[in-house]
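Please read the structure below before turning to the comments.
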């Protein structure tokens with residue numbers, strides 16, 4: 001697990017070893033985004049990779065979307081696909097070193113890619129990055145998965161133990177509209193910063 005560095009992730013994109021990438025926006029996020037009325041929201045997608053979510057938001061009038069990833073190749077893939085997206089909103093950085101204030105953080109296959117020993121740090125840093133009453137909305141694997149390489153799984157009980165001290169957990173329930181390969185293995189979560 002010590003190899004989960006910037007170079008590790010860039011190499012995965014360069015080699016096309018990105019099995020987590022489904023090639024389109026996931027249905028749970030599309031459904032959630034379609035309900036948002038405030039297009040001025042400042043949104044961060046950490047570890048966003050090819051980020052079909054950022055592309056969807058941007059093309060639907062959300063112009064304050066920021067995509068953060070360690071991998072320059074992932075960001076270049078996104079840039080090639082969405083050339084009109086502002087380059088100033090593409091951030092090649094370590095999530096844990098990033099500063100800013102956001103209304104909404106979108107969690108899509110980033111949490112499960114982190115070494116599990118970083119999960120508490122993820123929760124604390126997400127809390128710091130959110131404005132008062134900011135939201136974290138995401139998909140979390142509700143299955144064990146791997147112990148020595150990503151994706152790392154987890155459970156609803158485990159996630160509650162990480163998040164409940166920093167967030168009011170409004171929703172953390174089984175996803176009814178996951179893609180077939182992830183059916184019955186994802187939780188949809190919506191949390192508000194305490």
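Quick notes on this structure:
- Residue under evaluation residue 38, criteria (1) buried (at least 16 other Cβ atoms within 10 Å of the Cβ); (2) in a loop (DSSP other than H, G, I, E, B); (3) at pLDDT 95 or above, criterion not met: (1)
- Test: residue in region 103-118 that is out of contact with any strand residue (DSSP E or B) (no Cβ under 9 Å at 6 or more places or on another chain) and under 21 Å from residue 169 (Cα atoms): yes
- When 90, 130, 104 are screened for being closer than 27 Å to residue 35 by Cα, modelled with pLDDT of 95 or more and in contact with a helix residue (DSSP H, G or I) (Cβ under 7 Å, 6 or more places away or on another chain), only 90 passes.
- Condition met for residue 163 (more than 17 Å from residue 29 (Cβ to Cβ), surrounded by 20 or more Cβ atoms within 10 Å (Cβ to Cβ) and modelled with pLDDT of 90 or more): yes
- Of the residues making up region 62-71, one or more are out of contact with any strand residue (DSSP E or B) (no Cβ under 8 Å at 6 or more places or on another chain), at pLDDT 95 or above and farther than 23 Å from residue 187 by Cα.
- Taking the criterion of being in contact (Cβ under 8 Å) with a residue 40 or more places away in the chain and assigned to a helix (DSSP H, G or I), the residues of region 127-148 that qualify are 127, 129.
- Subset of region 166-184 (residues that are in a loop (DSSP other than H, G, I, E, B) and surrounded by fewer than 16 Cβ atoms within 10 Å (Cβ to Cβ)): 176, 177, 179, 183, 184
- Counting only strands (runs of 3 or more DSSP E) that sit wholly inside region 54-117, those with at least 2 residues that are within 14 Å of the chain's Cα centre (by Cα) and in contact (Cβ under 8 Å) with a residue 24 or more places away in the chain are 65-69, 102-108.
- Among the conditions (1) under 25 Å from residue 98 (Cα atoms); (2) in a loop (DSSP other than H, G, I, E, B); (3) at pLDDT below 85, the only one that residue 25 does not satisfy is (3).
- Filter result for residue 146 (farther than 23 Å from residue 53 by Cα, out of contact with any strand residue (DSSP E or B) (no Cβ under 7 Å at 6 or more places or on another chain) and surrounded by fewer than 20 Cβ atoms within 10 Å (Cβ to Cβ)): no
- Hits in region 149-180 - residues which are under 27 Å from residue 5 (Cα atoms) and in contact (Cβ under 8 Å) with a residue 60 or more places away in the chain: 149, 150, 151
- Residue in region 152-159 that is under 29 Å from residue 64 (Cβ atoms), surrounded by 14 or more Cβ atoms within 10 Å (Cβ to Cβ) and out of contact with any strand residue (DSSP E or B) (no Cβ under 6 Å at 6 or more places or on another chain) present: no
The values are calculated or read from the model by the stated rules, or taken from the named source; none is laboratory data. Since we're looking at a predicted model, the values are computed, not measured. All Cβ positions, even for glycine, are placed from backbone atoms using ideal geometry, and neighbour counts span all protein chains on display.
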